[in-house]
Number of protein chains: 2
Amino acid sequence: MMILYWHPASPYVRKIRIAVQLLGLAGRFEMRDADVNDPGDPLRQQNPLSKVPTLVRENGSALYDSPVILEYLDHLAGGGCIIPREPEARFAALRLQALCDGALDANYLLMCEDWYRTPEQRVARWVDKQAGKIERALDTLEAAPPDLSGMPNVGQIALACLLGYRDFRFDGTWRETHPRLHAWYDAFAAAVPAFAATIPSSG
Amino acid sequence: MMILYWHPASPYVRKIRIAVQLLGLAGRFEMRDADVNDPGDPLRQQNPLSKVPTLVRENGSALYDSPVILEYLDHLAGGGCIIPREPEARFAALRLQALCDGALDANYLLMCEDWYRTPEQRVARWVDKQAGKIERALDTLEAAPPDLSGMPNVGQIALACLLGYRDFRFDGTWRETHPRLHAWYDAFAAAVPAFAATIPSSG
């Protein structure tokens with residue numbers, strides 16, 4: 001069995017869980033709770049960055065971060081499933097993934113501003129910088145939502161997890177201002193049962 | 001001509017510049033200075049995250065982040081050059097890249113603590129969290145430096161840029177405490193002329 005270090009709040013873990021279901025690989029994984037802030041957590045022996053998701057393969061070697069794990073899952077499933085082989089489609093999917101992961105990174109930094117700092121220690125210029133990345137990413141995606149047909153690719157999976165994270169941590173305020181993304185999100189949720197099965201929680 | 005939005009201080013840009021030289025693609029790029037904090041910079045039209053490196057292809061479509069651009073460069077060069085095709089070697093290289101990029105991300109957040117905050121606004125628990133990622137990454141790499149023979153892969157390129165960034169921003173203090181990495185770094189620099197040609201500066 002492979003081991004997936006996870007946390008129920010992580011949108012990056014959610015990407016992996018969705019891919020595992022889409023690719024029919026669920027039986028090959030054991031989920032292991034990880035506390036990224038606990039120096040004694042065995043996660044740290046597997047990933048010096050102490051991040052989830054981290055995947056430990058059957059041969060004992062670890063893989064991270066989430067794009068690398070997703071490529072490995074795609075490889076296990078035969079390749080070309082959630083990462084297209086054809087170059088134009090492949091790079092479009094990888095770029096969309098990078099855009100959504102980058103927006104998720106900015107979301108995480110916004111949360112850390114609350115988690116790690118007193119109100120006096122928060123800095124508007126930093127908050128605005130991160131919020132601007134998210135706003136521009138969502139507006140760009142609203143202008144041209146990605147296609148959604150057949151097997152979702154890593155970019156589409158990342159977008160669904162980004163929007164789900166906005167729901168989870170930021171009260172879904174993106175919905176009113178981004179109606180086309182809202183429709184896209186509903187269509188993704190209807191097409192991918194694993195999405196509803198992985199709604200984030202604080203754990 | 002493709003356009004590469006860049007900044008001379010960015011270690012992520014440095015990865016791209018090294019790969020461009022290694023792959024013999026230098027003649028196909030025009031470098032364009034970018035100010036990631038300037039709302040009027042054309043970079044923002046190409047990448048909503050306003051990050052460098054961002055590559056604009058000849059057909060006008062943009063690619064990011066650095067791992068995606070590196071895969072595209074590898075593709076342009078025929079494939080299998082800086083990202084091995086054989087699965088075990090490929091995932092080892094991608095994991096090493098993720099580890100070094102993750103340590104670079106932590107380095108960047110440490111710098112931002114200085115750039116964006118007064119001393120009173122800095123938080124030791126946050127600084128320690130980022131510093132711990134870097135320390136554990138370097139110690140893990142010191143225990144088993146990667147192989148270095150033939151064409152460098154994306155993981156090795158990322159490691160060299162991580163160590164170079166420690167020199168640039170943190171005064172090279174890693175050298176004394178990580179002698180095997182120091183030797184690895186010197187061997188990389190000797191083997192890859194593009195490394196010395198891309199020493200970071202504040203611009």
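The values are calculated or read from the model by the stated rules, or taken from the named source; none is laboratory data. What you are looking at is a predicted structure, and each value in this text was computed from that prediction instead of being measured. We place every Cβ from the backbone using ideal geometry, glycine too, and count neighbours over all the protein chains shown.
Quick look at the numbers
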item: Considering residues of the stretch B:62-83 that are without any contact (Cβ under 8 Å) to a residue 24 or more places away in the chain, part of a loop (DSSP other than H, G, I, E, B) and in contact with a Lys or Arg (Cβ under 8 Å, 6 or more places away or on another chain) only, the residue farthest from B:ALA158 (Cα to Cα); result: B:GLY79
item: Given (1) among the charged types (D, E, K, R); (2) without any contact (Cβ under 8 Å) to a residue 60 or more places away in the chain; (3) not in a strand (DSSP E or B), number of the condition B:ARG14 does not satisfy; result: (2)
item: Candidates A:PRO146, A:PRO152, A:PRO119 - the one that is within 14 Å of chain B (Cβ to nearest Cβ), on the phi < 0 side of the Ramachandran plot and surrounded by 14 or more Cβ atoms within 10 Å (Cβ to Cβ); result: A:PRO146
item: Candidate set from the stretch A:39-50 (those that are more than 10 Å from chain B (Cβ to nearest Cβ) and either under 16 Å from B:ILE134 (Cα atoms) or touching a Lys or Arg at 6+ places or on another chain (Cβ under 7 Å) (or both)); member that is surrounded by the fewest Cβ atoms within 10 Å (Cβ to Cβ); result: A:GLN46
item: The stretch A:128-155, residues that are at pLDDT 95 or above and small (Gly, Ala, Ser); result: A:ALA131, A:GLY132, A:ALA137, A:ALA143, A:ALA144, A:GLY155
item: Filtered residue count, the stretch B:17-61, keeping only those that are on the phi > 0 side of the Ramachandran plot and either acidic (Asp, Glu) or in contact (Cβ under 8 Å) with a residue 24 or more places away in the chain (or both); result: 1
item: Residue match in the stretch B:22-33 (condition: closer than 22 Å to B:GLY164 by Cα and within 12 Å of chain A (Cβ to nearest Cβ)); result: no
item: Positions within the stretch A:72-102 being within 17 Å of A:ARG28 (Cα to Cα), more than 10 Å from every other protein chain (Cβ to nearest Cβ) and more than 18 Å from the chain's Cα centre (by Cα), in sequence order; result: A:ALA77, A:GLY78
item: Among (1) under 22 Å from A:LEU73 (Cα atoms); (2) modelled with pLDDT of 95 or more, the one test that A:ARG125 misses; result: (1)
item: Criterion violated by B:SER66 - all others in (1) hydroxyl-bearing (Ser, Thr, Tyr); (2) closer than 30 Å to B:SER149 by Cβ; (3) surrounded by fewer than 17 Cβ atoms within 10 Å (Cβ to Cβ) satisfied; result: (3)
item: Subset of the stretch A:122-139 that is more than 7 Å from chain B (Cβ to nearest Cβ) and basic (Lys, Arg) - its residue that is farthest from A:TRP174 (Cα to Cα); result: A:ARG122
item: Residues being more than 10 Å from chain A (Cβ to nearest Cβ) and either surrounded by 20 or more Cβ atoms within 10 Å (Cβ to Cβ) or under 20 Å from the mean Cα position of the chain (by Cα) (or both) - total across the stretch B:103-116; result: 5
item: Boolean, B:ALA19 is in contact with a helix residue (DSSP H, G or I) (Cβ under 7 Å, 6 or more places away or on another chain), exposed (fewer than 14 other Cβ atoms within 10 Å of the Cβ) and either outside the structural domain of B:GLN97 (by TED's automatic domain parsing) or under 19 Å from A:LYS133 (Cβ atoms) (or both); result: no
item: Hits in the stretch A:55-71 (condition: closer than 18 Å to A:VAL36 by Cβ and either facing chain B (nearest Cβ under 8 Å) or within 14 Å of the chain's Cα centre (by Cα) (or both)); result: A:ALA62, A:LEU63, A:TYR64, A:ASP65, A:SER66, A:VAL68, A:ILE69
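Conditions (1) surrounded by 15 or more Cβ atoms within 10 Å (Cβ to Cβ); (2) at pLDDT 95 or above; (3) among the small types (Gly, Ala, Ser); (4) over 16 Å from the mean Cα position of the chain (by Cα), marked per residue:
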| position | (1), (2), (3), (4) |
| --- | --- |
| B:LEU163 | yes, yes, no, no |
| B:ARG169 | yes, no, no, no |
| B:LEU181 | yes, yes, no, yes |
| B:TYR185 | yes, yes, no, no |
| B:ALA190 | no, yes, yes, yes |
| B:ALA194 | yes, yes, yes, no |
| B:ALA197 | no, yes, yes, no |
